[in-house]
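Each remark here refers to the structure printed beneath this line.
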Amino acid sequence: MISQFFVLSQRGDHIVFRDYRGEVPKGSAEIFFRKVKFWNDDEAEEAPPVFNVDGVNYIHVKVAGLFFVVTTMVNVSPSLLLELLQRIARVTKDYLGVLNEDSLRKNFILVYELLDEVIDFGYPQTTSTEVLKSYIFNEPIMVDAGRLPPLGPAAMFMQGTKRMPGTAVTKSVVATEPGGKKREEIFVDIIERISVTFSSSGYILTSEIDGTIQMKSYLTGNPEIRLALNEDLSIGRTGSSSYDYRSSSGGGTVILDDCNFHESVHLDSFDIDRTLTLIPPDGEFPVMNYRMTQEFKPPFRVTALIEEAGPARAEVLLKIRADFSASATANTIVVQMPVPAYTMRASFELEAGAVGQTTDFKEGSRRLEWNLKKIVGGSEHTLRAKLTFSQESHGNITKEAGPVNMNFTIPMYNASKLQVRYLQIAKKSKAYNPYRWVRYVTQANSYVARL
C-alpha cells in the first residue's frame, strides 16, 4: 500500500527515510521537494496535500515546519494516508516530547523503532501510543529547552494565578523526571478553529466552529477521570441562536450541531449531567470533536473598503475591532488583502501611536499584508493604504480586489462558550493530588471579509 515514508526539513534535507517496497524510483524525495518548493499553478500558491508525478502519488502534511510524506503507486484513499501521517507525527511527538528537526536527528534510532512498529511492509499496524509502549525500548534523548525557539505569547496559557509550566509541551510520555520520579499532571485543551465570512457592509454571511477537546495525560496507573461540560449543553440544531445571555450559568446555552467521542469515553451519564467518564490512554488524544454552525459572536469585526482616488490610483481602508473582553489578548495577527493584478506600488499609513505593527506589499502575489503583534480585547485598529496602478481601472475595482483574510490566535478564549466545569480524578490515596491544567485557545480557520 505505502511504498515509502520520509520526513524532510524545510531545506529539503532527509531526516527520516524508509523504503518499504522498492517500487518507487530513487530520488523521489528530491522530486517531491522540488515540486513543492516551486509549485506553480494559477489557482494555488502552495502545493496541494496530494499530487501525482510520473505515476507516483505523493501525499504529505506539514507539521512543525517538517514535511511528513508517503508515496504509493496504487490508488489508495488520500484521507486514510493523510490521517496516518498526522497520527505518526502525533505519536512521534508523544515519545520525543517536542517535534522538530533537532529532536528527530538526536532520536533517529527511536524514530525508526517507532516506524517499524507503525508500518510493516507498507501496511499500517497501530498508531496507539499506549500499545506501542510494549514494543519500544529506546529512551528518548530530550532536547535542551534552551535550544528551543522562545515560546510566543500564544503559547502562554493562564489558569487563575497559575501559569502552565514551560516544559509542558516538551515532555515525553516515557521519560522520567530527574530523580526517577514522574510528575503527576494532566492537560485538557479546548481548541476551536472558527470560520466566518463578512459581507461588504459588515454583516455575517456564514459562521462555523470546528472544535476539539484535546487531552494529554502524564498520570501513572491510568486512573479514571470525570470531565464535566456545560449543564445546558445541547446537541442538534434547534433554529435558535447559541449566543444567548439568558442562561442561568451566564455563559449562554451551548448548542452543537454534532459531535463524536474517543473510543475510551463512556457516555453513561452524559445525557443526565453532561459528564464524560474515561480512562485516558498514554499520549495526546482528542476526547471529543464537535461542530457548531449556528449564530455566535465572532471575536473580530473586519471591514474593508477600496475606492478610486484619481487616475491609476486607489485608496484602501482596513479596520479591525476586537469584540471580546479586555482580559483576553489575541496574538500573531496577520491580515492579507489581494489587490488588482496591475498594482505597481503601495504606501501605508498606520494609526497614530501604533506599536508592534508592520506592513508589506507582496509584489509576487499582489497582496497587502498587515501584521499585528497583539490586539487587546475591546480595541480597534485601522490601516490606510494608497495604491498606484500601471493602468487605469476599467469597471468596478472592488471586483478585482479582495477578499480580506485574517489569521489569529486567542489564548484563554473560546467562541462557542463550551466550558469544563470540573476535572475529577479518581484518588489512589488521600495524598494523591495531581496537577490539572485546563486551557482554551481560539484560532482562525477561514476569517474572510468581502469588499
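The values are calculated or read from the model by the stated rules, or taken from the named source; none is laboratory data. Bear in mind that the values here come from a model prediction, so they are computed numbers and not experimental data. With ideal geometry, Cβ positions are generated from the backbone for all residues, glycine too; neighbour counts draw on all protein chains shown. With ligands, DNA and RNA removed, areas are computed over all heavy atoms of the protein, side chains included. Shrake-Rupley method; radii C 1.70, N 1.55, O 1.52, S 1.80 Å.
Its Cα centre serving as origin, the chain has a Cβ charge dipole (Lys and Arg +1, Asp and Glu -1) of approximately 1260 debye.
Note on the chain: with neighbouring protein chains present and a 1.4 Å probe, carbon and sulfur make up 49 percent of its accessible heavy-atom surface. Put the Cα centre of region 26-104 next to the Cα centre of region 272-326 and the gap is 28 Å.
The orientation-averaged projected area of the convex hull spanned by the Cα atoms of region 4-133 comes to 7.8 nm².
Test of the criteria: in region 1-85, which chymotrypsin sites (Phe, Trp or Tyr not before Pro) are in a DSSP loop and have at most 16 other Cβ atoms within 10 angstrom of their Cβ? Taking region 1-85 and a limit of 16 other Cβ atoms within 10 Å, the loop chymotrypsin sites (Phe, Trp or Tyr not before Pro) found are Phe38, Trp39.
Annotation: amide H-H contacts under 5 Å for Tyr440 (H modelled 1.01 Å from N, sequence separation of 5 or more, or interchain): Ile190, Met412, Tyr413.
In order along region 8-22, the phi-based Karplus estimate (6.51 cos²θ - 1.76 cosθ + 1.60, θ = phi - 60°) of 3J(HN,Hα) comes to 10, 7, 5, 8, x, 6, 6, 9, 9, 8, 9, 9, 8, 10, x Hz; Gly and Pro are listed as x.
For region 300-411, pairs of C-alpha atoms spaced more than 17 angstrom apart make up 52 percent of the total. Just to confirm my numbers, what's the Cα centroid distance between region 1-19 and region 331-355 in Å? Using only Cα atoms, the two centres lie 38 Å from each other. Near the amide H of Ile255, within less than 5 Å, lie the amide hydrogens of Ser234, all on another chain or at least 5 residues away, with H placed in the peptide plane.
Taken as entire DSSP H runs, the helices of the chain that both span 20 Å or more between Cα atoms along their own long axis and average 0.0 or more on the Kyte-Doolittle scale are 78-96.
The residues of the chain have, on average, 49 Å² of accessible surface per residue, using a 1.4 Å probe with all protein chains present.
A cut-off of 5 Å between modelled amide H atoms, ignoring neighbours fewer than 5 places along the same chain, links Ile119 with Gln125.
In the chain, the ratio of gyration radius to Kirkwood radius, Rg to Rh, stands at 0.99 when only Cα atoms are counted. When the GluC sites (Glu not before Pro) in region 368-397 are filtered for DSSP coil states and for at most 16 other beta-carbon atoms within 10 Å of their beta-carbon, the remaining sites are Glu392. Within region 1-90, the trypsin sites (Lys or Arg not before Pro) that combine a DSSP coil assignment with at most 12 other C-beta atoms in a 10 angstrom radius are Arg11, Lys26. Helical runs (DSSP H, four residues minimum) scored at -39500 (n - 2.57) apiece and divided by the length of the chain put the mean residue ellipticity at 222 nm at -3500 deg cm²/dmol.
Listed values for region 125-131 are Karplus-derived 3J(HN,Hα) couplings in whole Hz (6.51 cos²θ - 1.76 cosθ + 1.60, θ = phi - 60°), namely 10, 7, 10, 7, 4, 5, 5, and x replaces Gly and Pro.
Rounded to the nearest Hz, the phi-derived 3J(HN,Hα) couplings of region 259-269 under the Karplus curve 6.51 cos²θ - 1.76 cosθ + 1.60 (θ = phi - 60°) are 7, 9, 10, 5, 4, 7, 7, 9, 10, 4, 10, where x marks glycine and proline.
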